[in-house]
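Since every read-out is calculated from the coordinates, none of them should be taken as a lab result. Quick caveat: nothing in here was measured; it's all calculated off a predicted structure. We place every Cβ from the backbone using ideal geometry, glycine too, and count neighbours over all the protein chains shown.
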Amino acid sequence: MLVARIEEKIKVFSLKMIQDFVTMLEHFEINDIELEDIKTYKTFKIEQAERNYQKDMQRSINRQKEWMLKGKKCPHCKIALILAEVNTLPGNQVGGGLKTQWFCPDQTGCGYVNYSTLSINQWMKRLKIKMFDNGKKQKIKNQRAKVTADCQKVKKRN
Ligand SMILES: [Zn+2]
């Protein structure tokens, strides 16, 4: 009997995996996609992900370099200060209409802090540093909005 014959070999996969496999197999058959095509596609996607990771790493390194070059330095330690928001959360309340702080990340506890009424955006403009991935974030936001709108259209129709 077929079940008895294949059970030993197939039982390592869950019923869900087998269902998904059958669905995919039928889909590939209908669309005339061969196993070799799928393998090629898989290899391409893995390599693409690797290339994107390398690009992101390089972008991050470039950003750090830009920050070292254009950002503010600690007057005591001469290392790059960190810019962070204040008065936005219960834990970062300092009062006085302040929006940001420049603080020294030095591990020996330099403790230098300089508060500002400028926002992070205003500082970035002043220092001529592009906000990280703003365009990318907006693109993803727009795509999500489009998908949501499409889903609502489908819902209305049904
Ligand atoms: Zn310092």
The extension gain from Ile10 to Gln122, computed as 0.36 nm times the residue separation minus the Cα-Cα distance, is 34.3 nm
Cross-link reach from Lys146 to lysines, straight Cα distance under 24 Å and at least 8 residues apart if same chain, gives Lys136, Lys137, Lys155, Lys156
Once both label points are put 7 Å beyond Cα along the C-beta direction, the Met57-Gln93 separation in nm becomes 4.4
With R₀ set to 41 angstrom, the calculated FRET efficiency between the beta-carbons of Gln64 and Lys42, to the nearest 0.05, is 0.75
Tilt, helix 15-30 to longest principal axis of the chain (alpha-carbon atoms), in degrees rounded to tens, equals 80
Computed ³J(HN,Hα) along the range 110-126: with the Karplus parameters 6.51/-1.76/1.60, θ = phi - 60°, integer Hz and x for glycine or proline, the list is 4, x, 5, 9, 10, 7, 8, 8, 7, 7, 4, 4, 5, 5, 4, 5, 4
The FRET efficiency for Asn31 and Asn142, from their Cβ-Cβ distance with R0 = 22 Å and rounded to 0.05, is 0.15
The answer for Tyr115, listing residues at least 5 apart or on another chain whose modeled amide H is closer than 5 Å to its amide H, is Trp102
The long-range amide H neighbours of Lys73, using H built 1.01 Å from N in the peptide plane and a cut-off of under 5 Å, are Leu81
Rounded to a whole number, the Stokes-Einstein D of the chain in µm²/s (Kirkwood radius over Cα pairs; 25 °C; 0.890 mPa s) is 111
Taking a straight Cα-to-Cα line shorter than 12 Å from Lys130, and setting aside same-chain aspartates and glutamates fewer than 8 residues away, one finds Glu66
